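Worksheet for the structure shown next.
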């Protein structure tokens, strides 16, 4: 195993040749990268490109924490994974691909969520942190943990065609709470399935996160400390705004009120409603729902989502118009509500349960569950067709092939011909 302080090997000199030729880096800079450690929280749309460029650059020790498994819907933007990785833990697939890219690294993985229970321990083990979570609760927990530990981190947020980026919790610099002191209300946070994003946008910001990390490790350039970069990818407008430290900030201010870590309670609205309600929700699996022919299937997604694809026969009633739709429901109608992944149906249920109590069911997994069932069915059909074709070839065509072989002229093979065949 290569030690961080060992001289660069011949293979490393070839690998990092374009780094070594930079006067701002040279061998000393590459050694700094090899000795550095970076924790990447979230191996998704932001974490994927960040990890790839940190690994390619030769950052010696990388930590990856993410509780999720690779899904087909990830691959539109999470470029670290392939179709063959679907179903695998993200951290395991990420480790394999990164080591295939650069075997000189040490990679540590945690297939779990970043929580109050592990936050302080994880942050303490690395020089620098990249925050790539899509949950506000995690963003605030990362911020507070880094400020209390004195560890800088690069945070990014994206949505649709835009995003923002900054270095937080650096010495004398601002933190995330200087920009957003409190978490937004759950009802203002769209679900991950609802708030779409163009695949290249997280790629752009993940690369910028890795770039800022490399600048901090190398001590070169002007890192985004005390500044906020915003990008509108539709107009390709970049703005660099001043972001000074807030002396009244509750965690990094002159008289902080947050002195110990605490789990941020707010979630997206569907999760918040689910956790705060003791009521058991009337979920139905896809298989169970198909045994209920009396159900009227109601798609509560946006018009754009419905137009992109929906369950055949479903009625479209967008969530923001759901009460108007409910007023037209017949007295004997039982409804099955679905959205993209299940989250928004919880909101719809709580809006309608007063008037339609006992007549509502929620599709577990939403439209994505139905799509997965179709993909599985298509795979089975395709496999069956291939098997049928092979079976037919085996039993009906083999005699024809044998007859063709028997009728083909033969010739004696001379030693020279045998030698040519071996070649």
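Readers should treat all values here as calculations from the given coordinates under stated rules, not as data from a laboratory. The structure displayed is predicted, hence computed values, not measured ones. So basically every Cβ, Gly included, is an ideal-geometry build from the backbone, and we count neighbours across all protein chains shown.
Could you work out the per residue convex hull volume over the alpha carbons of region 128-207, in cubic angstrom?
89
Quick one: if you stick a label point 7 Å off each Cα along the C-beta vector at residue 115 and residue 377, how many nm between them?
Rounded to a tenth, the inter-label distance reads 3.7 nm.
Calculate the all-directions average of the projected area of region 1-108's alpha-carbon convex hull, and give it in nm².
Averaged projected hull area, Cα only: 6.9 nm².
Going highest first, how would you order 144-157, 100-113 by mean Cβ packing within 10 Å?
Sorting 144-157, 100-113 by mean packing, highest first, produces 144-157, 100-113.
With only alpha-carbon atoms counted, please give the Rg and Dmax of region 62-149, in Å.
So, for region 62-149, Rg and Dmax equal 13.8, 40 Å respectively.
Highest first, please rank the peptides 300-313, 215-228 by the mean number of other Cβ atoms sitting within 10 Å of their residues.
215-228, 300-313
What is the mean projected area of the alpha carbon convex hull for region 138-268, to one decimal in square nanometres?
Averaged projected hull area, Cα only: 8.4 nm².
Rounded to the nearest 0.05, what FRET efficiency is calculated for residue 185 and residue 353 with R0 set to 22 Å and r the Cβ-Cβ distance?
Once rounded, the FRET efficiency stands at 0.50.
Tell me the label-point distance for the pair residue 286, residue 28, using the 7 Å Cα-to-Cβ offset, in nm and rounded to one decimal.
Between residue 286 and residue 28, the label points sit 5.9 nm apart.
Based on the Kirkwood radius over alpha-carbon pairs, what value in µm²/s does the Stokes-Einstein equation return for the translational diffusion coefficient of region 36-265 at 4 °C and 1.567 mPa s?
73
Taking the DSSP beta bridges in region 36-265 as the whole, what percent of them are antiparallel, to the nearest 5?
50
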